Amino acid sequence: MPIATTNEVIESAVIRAPLSHVWHFIKLAEFPKFWTHIKQAEHIVKGVSNETDVYKWTFKDGSVVEIKQDEHSNLDHFITYSVINSEPELSYSSVVSTIRCWPVTSGEFEDSTFVRWTSKFASDADIGVIEDAKYKRRDALKDLAAAAQKMVKEHQK
């Protein structure tokens, strides 16, 4: 009997930096500036529609994925993107991810940012894919926190 799994990964973090410093990095072209696993982002198709662009992310391990921006809101502070091509080929048919940021306005973490990163995989993604995505999102959130905190320190000089 196969193991029952969910095909969604949800990871979150409180980043001790203001929303403006975190949001600065949440654009497809900016991911290599925080996510240490990405070597470069290349804008390959502009204007697929009025609000959609396609980027090629080259990872340090040599894999390459083409990412389509599905939504981006500077008002609600979120981006949604999907993988449309991958080399090597993915073992599942699709994934759609959303990163959403909220300012923390009071309490112990005031002036910080709450970040939630969700990824919804097609039903053919197995438990290994889901677990791998979980740890990659956690690593990326740590990298995002480090980049945003570095920006805070640079602005304090």
Lysines with Cα under 28 Å of residue 120, excluding same-chain neighbours fewer than 8 positions away: 27, 33, 39, 46, 56, 60, 68, 134, 136, 142
Dipole-positive endmost among 93, 73, 107 within the stretch 1-122 (Cβ charges, Cα centre): 93
Kirkwood-Stokes translational diffusion coefficient of the stretch 76-157, alpha-carbon pairs, 10 °C, 1.306 mPa s, µm²/s: 107 µm²/s
Nearest-20 debye value, the stretch 1-146 charge dipole, Cβ charges on Lys, Arg, Asp, Glu: 280 debye
DSSP-assigned coil residues among GluC sites (Glu not before Pro) in the stretch 80-157, each with at most 13 further Cβ atoms within 10 Å: 89, 108, 110
Residues of the stretch 94-137: accessible area per residue with a 1.4 Å probe, Å²: 53 Å²
Exposure rank, largest accessible area first [123, 20, 94; 1.4 Å]: 123, 20, 94
Cα long-axis angle, helix 127-156 against the chain (0 to 90 degrees, to the nearest 10): 20 degrees
Rel. contact order, % - alpha carbon contacts under 8 angstrom, at least six apart, the stretch 1-137: 28 percent
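What's the carbon and sulfur percent of the chain's accessible surface, probe 1.4 angstrom, rounded to a whole number? It would help to have the intermediate numbers written out before the result.
Working: 4550 of 9140 Å².
With neighbouring chains kept in place, the figure for the chain is 50 percent.
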Coil-residue GluC sites (Glu not before Pro) of the stretch 50-83, DSSP, other Cβ within 10 Å capped at 13: 51
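What do the square roots of 5 times the Cα gyration tensor eigenvalues come to for the stretch 1-138, in whole Å, largest first, as semi-axes of the equivalent ellipsoid?
25, 20, 14
The values are calculated or read from the model by the stated rules, or taken from the named source; none is laboratory data. Note that the coordinates shown come from a computational prediction; the quantities given were computed from them, not determined experimentally. Glycine also receives a Cβ, built like all others from the backbone with ideal geometry; neighbour counts cover every protein chain displayed. Calculation scope for accessible area: heavy atoms of the full protein, side chains included, ligands and nucleic acids excluded. Shrake-Rupley method; radii C 1.70, N 1.55, O 1.52, S 1.80 Å.
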